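The values are calculated or read from the model by the stated rules, or taken from the named source; none is laboratory data. Because the structure is a prediction, the values reported are computed rather than measured. All Cβ positions, glycine included, derive from the backbone under ideal geometry; neighbour counts span all protein chains shown.
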Amino acid sequence: GDSVTQMEGPVTLSEEAFLTINCTYTATGYPSLFWYVQYPGEGLQLLLKATKADDKGSNKGFEATYRKETTSFHLEKGSVQVSDSAVYFCALSFDSGTYKYIFGTGTRLKVLA
Amino acid sequence: DVKVTQSSRYLVKRTGEKVFLECVQDMDHENMFWYRQDPGLGLRLIYFSYDVKMKEKGDIPEGYSVSREKKERFSLILESASTNQTSMYLCASSSQETQYFGPGTRLLVL
């Protein structure tokens, strides 16, 4: 079946370090791909998305490119801040009317000052 | 901005109690979802609804039921709470592909 695999956390980085969180997917069609972020004590917020191959989603300095050939949607940021400490979820969805999501297990990021 | 609200941030219930979790959205979205979030398991879909009075089971519906009598409100019901239902419960709504989440309800069943 369809699935999303994320790298295991936690990921601990120093402020201003480069961030990569890996996400790969298995899907029978061509899904839309998402990154959501969950700050401590809060619900999930959409960080960025891409709806077709080679699309790049970006927001708040984060980027991810939809790579069909490697079935990946890795999240990157050039210089992380302490305020980026959160749990990051990769997800996919099909345009099926109900737009159900399949989520990865989440990757916790901790950024140290 | 889309707003999804959940009736409680924290709940403590006893085993066997009937528990209601309420979710309200203010953007006239057709689709609403209930998830539970557990460490190491990510988000798992319990139920979703694509219209008033319409519902479908998600991946882990056992022990839960739902109600959607009005478009803006989607309720999750634990008919007889058990300790293994201690979790974070997240509600979401969407009209198309982007889901908008509430802040979550952390439920502890003793």
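Hey, A:L75 hits all of (1) surrounded by fewer than 21 Cβ atoms within 10 Å (Cβ to Cβ); (2) away from chain B (no Cβ under 14 Å) but one; which does it fall short on?
The one condition A:L75 does not meet is (1).
A:S96 versus (1) surrounded by 13 or more Cβ atoms within 10 Å (Cβ to Cβ); (2) within 11 Å of another protein chain (Cβ to nearest Cβ): which is the lone unmet condition?
For A:S96, the exception is condition (1).
Inspect all residues belonging to the range B:26-46 and state whether any of them is closer than 27 Å to A:L48 by Cβ, polar (S, T, N, Q) and at pLDDT 90 or above.
Going residue by residue through the range B:26-46, those that are closer than 27 Å to A:L48 by Cβ are B:26-46.
Now restrict to residues that are polar (S, T, N, Q): B:31, B:37.
With the extra rule that they be at pLDDT 90 or above, the set shrinks to B:31, B:37.
Yes - at least one qualifying residue is present in the range B:26-46.
Within the range A:27-68, how many residues turn out to be surrounded by 13 or more Cβ atoms within 10 Å (Cβ to Cβ), more than 13 Å from every other protein chain (Cβ to nearest Cβ) and out of contact with any Phe, Trp or Tyr (no Cβ under 9 Å at 6 or more places or on another chain)?
Here the count works out to 3.
Do you know which of the residues in the range A:6-28 that are in a strand (DSSP E or B) and without any contact (Cβ under 8 Å) to a residue 60 or more places away in the chain is farthest from the chain's Cα centre (by Cα)? First the steps, then the outcome.
Step one: filter the range A:6-28 for residues in a strand (DSSP E or B), giving A:6, A:11-14, A:19-21, A:23-26.
Those still in the list that are without any contact (Cβ under 8 Å) to a residue 60 or more places away in the chain too: A:20, A:24, A:26.
Working: A:T20: 10, A:T24: 10, A:T26: 15 Å.
In this case the residue turns out to be A:T26.
Inside the range A:1-26, can you point out the residues that are buried (at least 17 other Cβ atoms within 10 Å of the Cβ) and either among the polar types (S, T, N, Q) or within 11 Å of another protein chain (Cβ to nearest Cβ) (or both)?
Those that are buried (at least 17 other Cβ atoms within 10 Å of the Cβ) and either among the polar types (S, T, N, Q) or within 11 Å of another protein chain (Cβ to nearest Cβ) (or both): A:V4, A:Q6, A:T24.
Between residues in the range A:77-95 that are closer than 15 Å to B:Q99 by Cα and residues that are loosely packed, with under 13 Cβ neighbours inside 10 Å, which pairs lie under 8 Å by C-beta distance while being six or more apart or on different chains?
A:F94/A:G29
Out of the residues in the range B:91-110 that are assigned to a loop (DSSP other than H, G, I, E, B) and in contact with a strand residue (DSSP E or B) (Cβ under 8 Å, 6 or more places away or on another chain), state the one that is farthest from the other protein chains (Cβ to nearest Cβ). Spell out how you get there, then give the answer.
So the first thing to find is which residues in the range B:91-110 are assigned to a loop (DSSP other than H, G, I, E, B), and the list is B:95-99, B:102-104, B:110.
If we keep only those that are in contact with a strand residue (DSSP E or B) (Cβ under 8 Å, 6 or more places away or on another chain) as well, we get B:95, B:97-99, B:102-104, B:110.
Working: B:S95: 9, B:E97: 5, B:T98: 6, B:Q99: 6, B:G102: 5, B:P103: 5, B:G104: 5, B:L110: 22 Å.
Out of the qualifying residues, it is B:L110.
Listed residues B:Y35, B:Y50; which is within 30 Å of A:Q6 (Cα to Cα), under 11 Å from the mean Cα position of the chain (by Cα) and aromatic (F, W, Y)?
B:Y35
Among B:S80, B:S8, which is touching a Gly at 6+ places or on another chain (Cβ under 7 Å) and over 24 Å from A:Q6 (Cα atoms)?
Numbers: B:S8 fails: touching a Gly at 6+ places or on another chain (Cβ under 7 Å).
Going through B:S80, B:S8 in turn, the sole match is B:S80.
Residue pairs, Cβ under 9 Å, 6 or more apart or interchain, first in the range B:33-54 and more than 9 Å from every other protein chain (Cβ to nearest Cβ), second part of a strand (DSSP E or B) and surrounded by fewer than 13 Cβ atoms within 10 Å (Cβ to Cβ). List them.
Pairs found: B:V52/B:E69; B:V52/B:K70; B:K53/B:E69.
What's the number of the only condition in (1) within 14 Å of the chain's Cα centre (by Cα); (2) in a loop (DSSP other than H, G, I, E, B) that B:A81 fails to meet?
So B:A81 meets the others, but not (1).
Scan the range B:1-57 residue by residue and report those that are farther than 24 Å from B:L108 by Cβ and outside any strand (DSSP E or B).
Within the range B:1-57, B:D1, B:V2, B:K3, B:D26, B:M27, B:D28, B:H29, B:E30, B:V52, B:K53 meet the criteria.
Would you point out which residue out of A:A64, A:A53 is over 12 Å from the mean Cα position of the chain (by Cα) and of a type in the set (G, A, S)? Talk me through it step by step, then tell me what you get.
Working: A:A64 fails: over 12 Å from the mean Cα position of the chain (by Cα).
That would be A:A53, the only listed residue that is over 12 Å from the mean Cα position of the chain (by Cα) and of a type in the set (G, A, S).
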